[in-house]
Structures are given as C-alpha cells and as structure tokens.
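The values are calculated or read from the model by the stated rules, or taken from the named source; none is laboratory data. Bear in mind the structure is a predicted one, so any value in this text is a computation, not a measurement. Here the Cβ is made from the backbone with ideal geometry for all residues, glycine too, and neighbour counts use every protein chain on show.
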Amino acid sequence: MKRWLPSPLLSLGLLLTWLLLNQSAEPAHWLLGAALGIIAPLLARPLLPHGHARLRRPRALLRLLWLSAIEIIRSSVNVGQLILLRKPGAVNSQFIRVPLDLRSPHGLALLSCLINSTPGTVWVDLLPERHELLLHVFDLHDEAWWIDTIKTSYEGPIIEVFEGSGPTPEGEKA
C-alpha cells in the first residue's frame, strides 16, 4: 500500500482540494482528483530524503505556531519603528552564534522557517561541526537574550514536537 500511496492523508487532501477548486462532484473530477492524489506524492517522494516527519506532540506544535505568529507581529511593529524612526547609524546590526541541541532535520527546517519569517532575524548558516546556528539580528542589544529566546521559545518546543522530549517542570518525569 505504501508503495503506491505513500501519504494517504495527503492524497485525500489533494482529492478534496481538487473537488473544492472545481466546485464539482462529477465522476471525471473524482477521477482526475484521485489521479492527482496518487501521482503528486509519488513524484514528491525524492524530495523527502529523511522520510516523513513524525509529530510526537501535535499540541506543542500548535502552541509553538501560535506563539511564533505573535512574535512575528511584534517583530514587524518593532522593525517598522526602527526603520521609520531611527537614524541608520543607530541600528546595531550583528551576527551571533546560537548553540543548538536540536538534531532532527525536520525540526531544523521548521526552526529555519520560523526564524526567517520573523522580521529582524535571518538564519545565515548552520555550523554542523559545532552544532551552532549563525544568526543575523537587525538590531542587537543583548546577545544572551537572543540565545535564550531561540533556545527556550523555539528550539525547546521543536524538540518536544519532533523528538517527544522537551522542557518539563521540575519534579516531573518526561
């Protein structure tokens, strides 16, 4: 079954999307949608060298995405104020290195997306030999704060989502 239908939920989603986009339940649209739902995941299989990600804690992912959306909005306002109200020479643009405990390729990809979606920060490079992230910050004032924020607000929840372990309150077992 996995050979011909590697992602059943994705295939079903593609079929339903096809039917909704065409606003029709004609047999021909069912057939075309089913073909799309089977062929697209098969063609995309080589793009997943590490296989499918397994979400250990989906609730943690929803919480992470919600907090990230709030951070993106907050950062948009801050960067807008910096650009409009500060003189260019007053902005302290710097590179910092953030040590990472995260090893999951899917988790690293999510971390990259979240960091690059947040105005004022750019993921520059991953230094695999040191397990460090090279990050550019548009207006850096406290490097320790940035490292702590990346590790606690992003990396910790991502580890919890993909690896099933993460920050737990003292005294509780993971």
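Looking at the stretch 80-95, is at least one residue at pLDDT 90 or above and closer than 16 Å to I150 by Cβ?
Checked the stretch 80-95: at least one residue is at pLDDT 90 or above and closer than 16 Å to I150 by Cβ.
Run L114 past the list (1) more than 23 Å from R57 (Cβ to Cβ); (2) touching a Ser or Thr at 6+ places or on another chain (Cβ under 8 Å) and report the number of the one that doesn't hold.
Result: L114 fails condition (1) only.
For the stretch 109-118, does any single residue satisfy the condition of being loosely packed, with under 15 Cβ neighbours inside 10 Å and in a strand (DSSP E or B)?
Checked the stretch 109-118: no residue is loosely packed, with under 15 Cβ neighbours inside 10 Å and in a strand (DSSP E or B).
What number of residues within the stretch 2-35 satisfy the criterion of being over 25 Å from the mean Cα position of the chain (by Cα), in a loop (DSSP other than H, G, I, E, B) and of a type in the set (G, A, S)?
Qualifying residue count, the stretch 2-35: 2.
Select, from A60, A44, the only residue that is surrounded by 10 or more Cβ atoms within 10 Å (Cβ to Cβ), under 17 Å from the mean Cα position of the chain (by Cα) and of a type in the set (A, V, I, L, M).
Of the residues listed, the single one that is surrounded by 10 or more Cβ atoms within 10 Å (Cβ to Cβ), under 17 Å from the mean Cα position of the chain (by Cα) and of a type in the set (A, V, I, L, M) is A60.
Out of R130, R56, R45, which single residue is in a loop (DSSP other than H, G, I, E, B) and closer than 30 Å to L15 by Cβ?
R56
Residue-by-condition table, conditions (1) polar (S, T, N, Q); (2) on the phi < 0 side of the Ramachandran plot; (3) in contact (Cβ under 8 Å) with a residue 40 or more places away in the chain:
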{"residue": "P46", "(1), (2), (3)": "no, yes, no"}
{"residue": "I73", "(1), (2), (3)": "no, yes, no"}
{"residue": "I83", "(1), (2), (3)": "no, yes, no"}
{"residue": "V98", "(1), (2), (3)": "no, yes, yes"}
{"residue": "T118", "(1), (2), (3)": "yes, yes, yes"}
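If I ask for residues that are of a type in the set (G, A, S), in a helix (DSSP H, G or I) and under 18 Å from the mean Cα position of the chain (by Cα), which ones from the stretch 77-108 would you list?
G107
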